[in-house]
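K.L.:
Below is one structure. I have some questions about it.
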Amino acid sequence: MRPIVAGRVAQLRRAEILECLEGLLGASPEPLRLIVRDVQGLGGPIDAVACDATGTPVLIGIATPDGAADPLGSLLAQRAWLAPRIRDWLQLNPQLPFRPDVRPRMLLLAGQWEAATLAAAAEIGVELGRLRALETVEGTVVGLETPPERASSATERPPLERASFGPERTPPEAPPPEPATPPLARPDSGFRTGLRAEDLDSPSRPRSAPRGR
Amino acid sequence: MARELSDVLDYFLPGRDETPAIPVEAARAQENGLRGLLPLAVPVTERDVVPVAFVWNLAIEIARAARHAVLLIPDDPTLQPLRESLPPTTRIAGGGGPEFAFSGADDLGALARDARELGRTPHGRGPTLAPTLVPTRWIRPDPDGASLLQHPVLFATPEASSLHATQALLERIFEAAPHAEPGVTIHGVDSIQEAERTFDRLSLRCETSLGRPLRSYGLLLDDLQIYRAAVERRPVTAAKPNSLASRALTDVARLLIEDHTDPAEGHPVAPQ
């Protein structure tokens, strides 16, 4: 364990948080898989979109001094924009882990919260995560905590959210069973392409969509 | 609320404020003879956002390859916003763009008649390939519409659901146009081998179940890049000219052009 010599809430900038967001989400009590960050949304960037263990999209907002003036309102607006586009994303990349027809969760990350923010977040079903920045001899370490108010129910969804937004979660439709298939490869394949296999093997090639982040 | 194709189609096409680089009438004024038009029918449903992004980019690639291209869009309710908002041409770097032709057809036969009429309108910029959006529910036996389905282009992924849907679509196409020569472009793959396996599955099913060959129109890569480029109203070959997505798109356009034009004449191969 690295020796922590001092601890304080640092004034982290949005870019710094985005940089380490994947690790933060993966190590949280309810691990989330980061799918994409800093993507264009409704009238501005969405900080990040992740996926939870059930396949539910999680829209993530980061409240920082250099971020949105009204992070809760912005998060609501971005979810309204994002929710109907999840199916589009799945069409673009069927391997994304999202389940269709599931309303995205909302998670707002910040260094500290005012009582009014806590109350408003609970009222509209926004989950909160507290960012902690600790000074160590090796540099600044950023951690993500569940606020004490929600520590005992980190995996529960606020009842209001279920009542207010979208349908109940339902299992995704299973794809129809594939009929008996011919052999996978044919010596006389008519497949054509001018691309070379090594082109696609390049480690610098972007995937169809961010995966495994 | 269900997401409809009409909600996003306008992302794929240039806005009203863009200046047409080659006005339709100006291009037609350069006519030097009847060139003909070859429809490449692309069956779409209201949810086929990705194939529409592909088609738009491919039409531009065909135009960039110095071929005249028309993107033919029928008067289907799901496509209505497109009809109302688009200028007739789009601008691309280094040359003209494809034209957009809006048909008032409300079924396959009427759309085919409009395509034939469009083909009688001469253009001076070479042969015309016409990617044509065809609502899948229009695909049914119709003597007037069979010619439109002579060279359909389908998009498929390795997903079982996509293979099933493509197979079902091929069956409907052959019912409507028994002599059709369909082709498939594979997407949503991570390797050429995966694309080849996917195509081979479809091809063998087509041959064994329907008794007809299936043509390969290559593969497209990095769907998200193509989609993002379309949303930004820039073809991926302009937004990401050195990307694999661009190279793959150019390759598919090349296959379409080579298969459907007479290299000696430079004219489209007439539908059989």
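The values are calculated or read from the model by the stated rules, or taken from the named source; none is laboratory data. Because the structure is predicted, anything quoted here is derived from the model rather than measured. FYI the Cβ positions are ideal-geometry reconstructions off the backbone, even for glycines, and counts take in every protein chain you see.
K.L.:
Going through segment B:215-243 one residue at a time, which ones are touching a helix residue (DSSP H, G or I) at 6+ places or on another chain (Cβ under 6 Å), assigned to a helix (DSSP H, G or I) and either in contact (Cβ under 8 Å) with a residue 40 or more places away in the chain or not polar (S, T, N, Q) (or both)?
P.N.:
Once the filter is applied, which keeps residues that are touching a helix residue (DSSP H, G or I) at 6+ places or on another chain (Cβ under 6 Å), assigned to a helix (DSSP H, G or I) and either in contact (Cβ under 8 Å) with a residue 40 or more places away in the chain or not polar (S, T, N, Q) (or both), segment B:215-243 yields B:Asp223, B:Leu224, B:Ile226, B:Tyr227, B:Ala229, B:Ala230, B:Val231, B:Val236, B:Thr237, B:Ala239.
K.L.:
Follow-up. Please enumerate the residues belonging to segment B:161-187 that are within 14 Å of chain A (Cβ to nearest Cβ), of a type in the set (Val, Ile, Thr) and in a helix (DSSP H, G or I).
P.N.:
B:Thr166
K.L.:
Does at least one position in segment A:75-93 carry a residue that is in contact with a Ser or Thr (Cβ under 9 Å, 6 or more places away or on another chain) and either more than 14 Å from chain B (Cβ to nearest Cβ) or farther than 28 Å from B:Val49 by Cα (or both)?
P.N.:
No: zero hits.
K.L.:
Within the set of pairs 6 or more residues apart or between chains, which connect a residue that is closer than 11 Å to B:Pro39 by Cα inside segment B:103-123 to a residue that is at pLDDT 80 or above and part of a helix (DSSP H, G or I) with Cβ atoms less than 8 Å apart?
P.N.:
Going by the 8 Å Cβ cut-off, the qualifying pairs are B:Leu111/B:Trp138; B:Leu111/B:Leu148; B:Ala112/B:Ala146; B:Ala112/B:Ser147; B:Ala112/B:Leu148; B:Ala115/B:Ser147; B:Ala115/B:Leu148; B:Arg116/B:Ser147.
K.L.:
When the residues of segment A:90-123 are filtered to those that are outside any helix (DSSP H, G or I) and acidic (Asp, Glu), which remaining residue is surrounded by the fewest Cβ atoms within 10 Å (Cβ to Cβ)?
P.N.:
Step by step, filter segment A:90-123, then rank; the result is A:Glu114.
K.L.:
Please determine whether any residue of segment B:139-153 is more than 20 Å from B:Leu72 (Cβ to Cβ) and within 14 Å of chain A (Cβ to nearest Cβ).
P.N.:
Within segment B:139-153, not a single residue is more than 20 Å from B:Leu72 (Cβ to Cβ) and within 14 Å of chain A (Cβ to nearest Cβ).
K.L.:
Name every residue in segment A:77-89 that is over 15 Å from the mean Cα position of the chain (by Cα) and either in a loop (DSSP other than H, G, I, E, B) or among the aliphatic types (A, V, I, L, M) (or both), in order of residue number.
P.N.:
A:Ala77, A:Ala80
K.L.:
Taking the residues in segment B:125-138 that are over 15 Å from B:Ala115 (Cβ atoms) and part of a loop (DSSP other than H, G, I, E, B) as candidates, determine which candidate is nearest to the other protein chains (Cβ to nearest Cβ).
P.N.:
That would be B:Gly126.
K.L.:
Can I ask one more? Any chance segment B:225-238 includes a residue that's crowded, with 19+ Cβ neighbours inside 10 Å, charged (D, E, K, R) and within 13 Å of chain A (Cβ to nearest Cβ)?
P.N.:
yes
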